[in-house]
Amino acid sequence: MVRKGILLANIGTPEKPEKKEVRHYLKHFLGDPRVIDKPRWQWLPILHGIILNTRPKKSAKLYRSIWQEEGSPLLIHTQEQTRLLQTLVPEMSVKYGMAYSRPTIAESLQQFHQEGVEEIVVLPLYPQYSTTTTAAIHDATFRYYLKAEEIPTLHLLKEFATHPLYLTLLRKQIKKAIEEVHPDLLMISYHGIPLSYVEKGDPYKEQCLATTQALFKDFLIGIPYQVAYQSKFGPDEWLTPALDATLKELPHKGIKKIVVITPGFVSDCIETLEEIEGENREYFIENGGEVFHYVHPFNSQLEFIHLLKELACQHLSGF
């Protein structure tokens, strides 16, 4: 029988919420051309001369504000997702790997090799495809096998932006939050990317639109909803409208109670816990907002683990 494996893949997280470890992480993350698509002669002096000498201290402080006793929230949730998925498919080997932190994707693929795994599904934990996330994970996979003597049967999942079970889980979250809060508006926040990436062919914006359209097909919530993009970095033009600017304006338009959901994240991380629940909540409240209810990602919900199983097994032979 062919030994099968599932690799849950994410971008990564610093090992500690300290300047040194954050600098190490940002060096690899922001040094990847997939993430910062600029000429190397132009970008690397900025990265090493300015950003890596200023940003790590500030970012470390932000990470400390959301760090848990067991470590980074993103790492904790990814570990738990891996553990739970392993219980659902005991006949397979389930691991996780990170593009820019440990365990690296290469380290986890090496473990599969040592176990004699012959067929692997690489499952990026990003519903919507982007060159900045999913493609970077695929790159790390390809690099590992570039000089390998033997390559297993590989299945690289691209996206699950409109998968029926994914949409069902989102609808359940939205319905529950609206029933509890009775908000004036549902805010749907996706992680932003530079506009130039979209113009070059990155399908991310189209994928976010596809998720939103599919989500509300035959799903009436009784209140308006709005899409915005978060996490802008640097001076370039990014996808708009920007979440932070939008939240500052809403109370002045009579929107006092909102529910915020982030369909692009499946695990809590610094972008959800610090940026959404902290920084952006403050923007809304300081400008006259009254209720800011954030719907957390799936994290380790068992229904989500079943989605991961379905996504993986639909690509494996014998299932």
**Asked** Out of all the residues in the range 49-61, is one or more part of a helix (DSSP H, G or I) and under 16 Å from the mean Cα position of the chain (by Cα)?
**Response** no
**Request:** Determine the pairs where a residue that is assigned to a loop (DSSP other than H, G, I, E, B), located within the range 153-169, has a partner that is hydroxyl-bearing (Ser, Thr, Tyr) with Cβ atoms under 6 Å apart, the partner being 6 or more residues away or on another chain.
**Result:** Lys158/Tyr129; Glu159/Tyr129; Phe160/Tyr166; Ala161/Thr211
**Prompt:** Taking the range 208-254 as the search range and keeping residues that are among the polar types (S, T, N, Q) and under 18 Å from Thr168 (Cβ atoms), which one is nearest to the chain's Cα centre (by Cα)?
**Reply:** Thr211
**Item:** Condition check for Ile76: more than 21 Å from Asp236 (Cβ to Cβ) and touching a residue at least 40 places away in the same chain (Cβ under 8 Å)
**Value:** no
**Request:** Scan the range 8-45 for residues that are hydroxyl-bearing (Ser, Thr, Tyr) and part of a helix (DSSP H, G or I) and jot them down.
**Result:** Tyr25
**Asked** Among the candidates Pro263, Pro251, Pro224, which residue alone is closer than 30 Å to Ile6 by Cβ and of a type outside the set (Ser, Thr, Tyr)?
**Response** Pro263
**Request:** For Pro56, indicate whether it is touching a residue at least 24 places away in the same chain (Cβ under 8 Å) and in contact with a Cys (Cβ under 7 Å, 6 or more places away or on another chain).
**Result:** no
**Request:** Determine the pairs where a residue that is assigned by TED's automatic domain parsing to the domain that holds Gln81, located within the range 94-119, has a partner that is of a type in the set (Lys, Arg) and in a strand (DSSP E or B) with Cβ atoms under 6 Å apart, the partner being 6 or more residues away or on another chain.
**Result:** Ser108/Lys95; Glu119/Lys4
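The values are calculated or read from the model by the stated rules, or taken from the named source; none is laboratory data. Remember, it's a predicted structure, so these values are computed and weren't measured experimentally. Heads up, the Cβs are rebuilt from the backbone with ideal geometry, glycines too, and the neighbour counts pull from every protein chain shown.
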